[in-house]
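Colleague: If you scroll down you'll find the structure; I have some questions about it.
The values are calculated or read from the model by the stated rules, or taken from the named source; none is laboratory data. None of the values given here were measured: they were computed from a predicted structure. Backbone-built Cβ (ideal geometry, glycine too); neighbour counts: all protein chains shown. These accessible areas exclude ligands, DNA and RNA; they are computed on the full protein's heavy atoms, side chains included. Shrake-Rupley method; radii C 1.70, N 1.55, O 1.52, S 1.80 Å.
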Amino acid sequence: MRITLGVTGGVAAYKAAELVRRLQQEGYNVQVVMTRSAREFITPLTFAALSGQKVITDLFGDSSGSEANLESAIEHIAVAQRTDLLLVAPATADIIAKFARGVADDFLTTLYLASTAPVVIAPAMNVNMWNHAATQENVEMLRARGAKIVEPDEGYLACGMTGPGRLAGLEEILAAVREVTKSQRDLEGETILVSAGPTCEDLDPVRYITNRSSGKMGYAVAEAAAKRGARVFLVSGPVNLETPAGVERIDVRTAEEMHRAVVEQFAQASVAILAAAVADYRPVERRGEKIKKGVAPLAISLEPTTDILAAVARNKGEKIVVGFAAETDHVAEHARKKLASKNADLIVANDVTAEGAGFDRDTNVVTLFSRDGRDLALPKMPKSEVAQRIMDEVIRLRALRQAPAARHSNV
Ligand code: PMT
């Protein structure tokens, strides 16, 4: 799990150094982000040495240079996408106010807006600043948005006053982090099989039939499942993507190879999510030599491939099977037909001609059609977020499946 630790300007900033060490001991990967005022209290070098990673301090890289660094300017998006949890400790009244009001004038505040990860905030400040109605209102606003607030301790403060405002103890902050990350691991115990990418059907040694799938959607699903605690097998067509952390990947090329790999892995899976764009047809014959150019029209005979989704769903038993539907028209109608004809529990339908949806995009626009009749239309969102919503639906379907059994055992 990747934690981004935001350190802001307060006397307690030095305690964040020990926090980095403790988080690492618990197996978290820690990326430190410091505000300008935090650097008045402790140097980035301390955190770089402890975390073994470059500390991020500026929105525009080295701001002393005349040229703004574009790479650094967009870094907040990359860090936001990599962040599984944003922890701010110590959090000043200023950063709490900025988060609450959506001000984005430095790296940390911009990251807060760009990230969808859960947020844990450990405030530390003067007692009057903490008790001020403005701060309390801002804290409530963040809490209402889902942030976990680790209340400051009472005691003697650096400013000489006594009362609430001291940074909570490290054990308390770590417990909050554990609690939030544990609630993210709701797929523990599941073994999830995911298919992704295109298949390639060879015509001759140099040519093949394929499609425009980049694998992004399926890889996002695999990554989300692994992050939420599932064991994940990813059967992947040829793509140019890195294997997500903790995912076991099986590379295939053709529909036939994908069929074999999916059937083999399905035996040990509790859930299958088939996002691959499998060729529906393959050449009847694969020529041994390159097909020569001629003047006459060339006809190529194609034969249907096995429908992998239908094949595994036929004997799914208690397993949950999720398919996709790539449509260009009458999306709902076709998706519902696929749900029934392929015996799936859920179909994730995308209109691949819609803006920001479908092949090789970082976003998608999908509707989830469930076996129990629920249709959930989602707005355009990053594929990583679509993947999370699919996982939520899998958990809902699992609970529905188990509900009758639970009722039965109570009788
Ligand atoms: O990879 P990306 O660039 O991120 O693009 C994402 C995507 C558009 C590929 C993805 O969102 C998507 O829609 N995947 C399914 C593509 C597809 O083949 O759809 P379909 O409607 O033709 O097939 C329906 C379902 O049957 C799919 O789950 C498919 O995996 C499965 N199928 C299809 C044919 C076949 N021979 N065997 C199958 O199992």
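Colleague: Quick one: count up the residues across region 195-240 that are aliphatic (A, V, I, L, M), in contact (Cβ under 8 Å) with a residue 60 or more places away in the chain and in a strand (DSSP E or B).
Modeller: Going through region 195-240 one residue at a time, the tally reaches 2.
Colleague: Please verify whether Val221 is within 12 Å of the ligand (Cβ to nearest atom) and aliphatic (A, V, I, L, M), treating the condition exactly as stated.
Modeller: Taking the combined requirement at face value, the residue satisfies it.
Conditions (1) under 34 Å from the mean Cα position of the chain (by Cα); (2) within 16 Å of the ligand (Cβ to nearest atom); (3) at pLDDT 95 or above, marked per residue:
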{"site": "Ala133", "(1), (2), (3)": "no, no, yes"}
{"site": "Met161", "(1), (2), (3)": "no, no, no"}
{"site": "Leu167", "(1), (2), (3)": "yes, no, yes"}
{"site": "Val177", "(1), (2), (3)": "yes, no, yes"}
{"site": "Thr191", "(1), (2), (3)": "yes, no, yes"}
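Colleague: Quick check on region 261-281. Is at least one of its residues touching a helix residue (DSSP H, G or I) at 6+ places or on another chain (Cβ under 8 Å) and either modelled with pLDDT under 95 or hydroxyl-bearing (Ser, Thr, Tyr) (or both)?
Modeller: no
Colleague: Go through region 198-224 and give me each residue that's open to solvent by less than 40 Å² (accessible area, probe 1.4 Å) and of a type in the set (Asp, Glu).
Modeller: Within region 198-224, Glu201, Asp202, Asp204 qualify.
Colleague: Could I ask something else about it? Which one is surrounded by the most Cβ atoms within 10 Å (Cβ to Cβ) among residues in region 314-329 that are near the ligand (Cβ under 9 Å from one of its atoms) and over 18 Å from Ala225 (Cβ atoms)?
Modeller: So the residue we want is Ala325.
Colleague: Spot the failing condition for Glu333; the list is (1) without any contact (Cβ under 8 Å) to a residue 60 or more places away in the chain; (2) farther than 18 Å from Ser195 by Cα; (3) part of a loop (DSSP other than H, G, I, E, B), and only one is missed.
Modeller: Unmet condition: (3).
Colleague: Could you tell me which of the residues Ala344, Ala332, Ala269, Ala311 is crowded, with 21+ Cβ neighbours inside 10 Å and within 14 Å of the ligand (Cβ to nearest atom)?
Modeller: Every option except Ala344 fails the conditions.
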